[in-house]
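Following: one structure in structure tokens, then a few remarks.
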Amino acid sequence: MLVFSLTDADTLYYCEGYVESAKRANAEMVLVGSKNDLPSTISDEQVNEFMEKHNIRKYYKTSANTKENVDNAFEYLIYRSLYKMHKHIQVWSGVTQVCDERKPARVQKKCLLM
Ligand SMILES: Nc1nc2c(ncn2[C@@H]2O[C@H](COP(=O)(O)OP(=O)(O)OP(=O)(O)O)[C@@H](O)[C@H]2O)c(=O)[nH]1
Ligand SMILES: [Mg+2]
């Protein structure tokens, strides 16, 4: 999760080193612009340019103050990471059941995300 502050444009560019590390680790990435309840000093165009340059697919504007998009950013990252691990996700009764399709159902170890 690459978090920069919308109130300080420099912080977006500080993320570049972390982008490179994440790519080397083949990690899923999500870009987060924090403090969205305050006046922004960075434009959507600048963010889009950064995303295109680094091939980042998802961006959320969040606020720790209002809680806007905080859950969405974490959920996106968790879901994408699980898909990347070739897992199959079934949403059932508000609980996410993660099944590994490579193993027969009766021997599967299951992980539950509440
Ligand atoms: N209005 C607002 N203030 C925030 C938000 N996130 C953090 N702050 C405030 O920013 C100051 C620093 O808090 P930290 O917990 O260090 O948050 P941070 O995201 O690391 O922010 P910086 O250290 O300022 O880069 C505190 O006064 C927080 O109350 C936010 O989303 N909205
Ligand atoms: Mg801080």
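Just a few scattered comments:
- Residue order, fewest to most beta carbons within 10 Å, for D10, D37: D10, D37
- In range of the label at T41: residues from the stretch 1-29 whose backbone nitrogen is under 11 Å from the point 7 Å along Cα→Cβ: 5-12
- Ascending count of other beta-carbon atoms within 10 Å, so fewest first, for K61, K23: K23, K61
- Cβ-derived FRET efficiency at R0 25 Å, D8 paired with K67, nearest 0.05: 0.75
- Footprinting exposure proxy for F74, F4 (fewest neighbouring C-beta atoms within 10 Å first): F74, F4
- Karplus 3J(HN,Hα) series, Hz, for the stretch 65-72 with 6.51 cos²θ - 1.76 cosθ + 1.60 (x for Gly, Pro): 6, 9, 6, 3, 6, 4, 4, 4
Read the figures in this text as sums done on the coordinates, not as results from a lab. What you see is a predicted model, and the numbers here were worked out from it, not measured in a lab. Heads up, the Cβs are rebuilt from the backbone with ideal geometry, glycines too, and the neighbour counts pull from every protein chain shown.
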